[in-house]
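Report on the structure given below.
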Amino acid sequence: MQNDQQAARKAAVYEAALQLIGQGVSPAALKIQQLADAAGIGKGTVYEYFSSKEEILQGLAEYCFARENERVRAMFADCTTLAGLEERITGYLQDIAASRMGSYKMIAETLGMPRRTGAMPACMAELKEIVSELLARLQAAGEIAPELGMEYCYMSLLSAVVGGLMGLCYAADHDRTVEDLMDNLRLMIRRNLGK
């Protein structure tokens, strides 16, 4: 029960941070008292679980990554076609751009280079496992060219997603249409993985 309470309180602090960041508060300007108030707990309680704001922000990045892994796992759970993959990825990227991109950019800018400590390597390994299972399923279904190696497929898909995210940031800042970007992303996935 105590572990559940600890996890719930940490999650409340992370959700409070995301809420405040979503309202335009810079992560660097966040105060522990703000986080405590928004989370509905005392400032002392925050310090029971975190030693510093830096620890909260690092944990927040890991918390966000873990939440995205959950979304990705659910999104790909029953995907069996390349066309389905294309649609799910483009929909996912548009969802991130519409609802979470601003907060994630602010967190990343505050933290600087990602640290290779804590749960981040485990989150990255989990994401690779999720995507590798999807790619193996698509290859077994004949949707991906059989001569393509899994590492190539993984890197192609990762490159397409990262490129899509960068393209969405660019499109938002330069009045470009998202539809053209998504069409190009679908084409990139099809050319890199299709038969």
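Restricting the search to region 14-48, which residues are free of Cβ contacts under 8 Å to residues at least 60 places away in the same chain and closer than 23 Å to Glu126 by Cβ?
Initial filter on region 14-48 (free of Cβ contacts under 8 Å to residues at least 60 places away in the same chain): 14-17, 19-20, 23-25, 29-48.
Answer for region 14-48, where residues must be free of Cβ contacts under 8 Å to residues at least 60 places away in the same chain and closer than 23 Å to Glu126 by Cβ: Tyr14, Glu15, Ala17.
Kindly indicate the residue of region 74-101 that is surrounded by fewer than 16 Cβ atoms within 10 Å (Cβ to Cβ) and acidic (Asp, Glu) and also nearest to the chain's Cα centre (by Cα) among those meeting that condition.
Residue satisfying both the conditions and the ranking: Asp95.
How many residues does region 123-147 contain that are assigned to a helix (DSSP H, G or I) and within 17 Å of Cys79 (Cα to Cα)?
Going residue by residue through region 123-147, those that are assigned to a helix (DSSP H, G or I) are 123-140.
Filter again for within 17 Å of Cys79 (Cα to Cα), leaving 127-140.
Residues meeting the conditions: 14.
Restricting to region 134-186, give me the number of residues that are of a type in the set (Gly, Ala, Ser), touching a residue at least 40 places away in the same chain (Cβ under 8 Å) and either surrounded by 13 or more Cβ atoms within 10 Å (Cβ to Cβ) or closer than 20 Å to Arg71 by Cβ (or both).
We begin by selecting, within region 134-186, every residue of a type in the set (Gly, Ala, Ser); these are 136, 140-142, 145, 149, 156, 159-160, 163-164, 167, 171-172.
In the following step, the residues that additionally are touching a residue at least 40 places away in the same chain (Cβ under 8 Å) were identified as 141-142, 145, 160, 164, 172.
Cutting the leftovers down to either surrounded by 13 or more Cβ atoms within 10 Å (Cβ to Cβ) or closer than 20 Å to Arg71 by Cβ (or both) gives us 145, 160, 164, 172.
Of the residues in region 134-186, 4 are of a type in the set (Gly, Ala, Ser), touching a residue at least 40 places away in the same chain (Cβ under 8 Å) and either surrounded by 13 or more Cβ atoms within 10 Å (Cβ to Cβ) or closer than 20 Å to Arg71 by Cβ (or both).
For region 84-110, how many residues meet the condition of being polar (S, T, N, Q) and without any contact (Cβ under 8 Å) to a residue 12 or more places away in the chain? Break it down stepwise before answering.
Initially, region 84-110 is screened for residues polar (S, T, N, Q), giving 90, 94, 99, 103, 110.
With without any contact (Cβ under 8 Å) to a residue 12 or more places away in the chain added as a condition, the list becomes 99.
Here the count works out to 1.
Taken together, the values in this text are just the output of simple stated rules run on the coordinates, not laboratory data. If you're wondering where the values come from, they're calculated on a predicted model, not measured in any experiment. Note: ideal-geometry Cβ built from the backbone for every residue, glycine included; neighbour counts use all protein chains shown.
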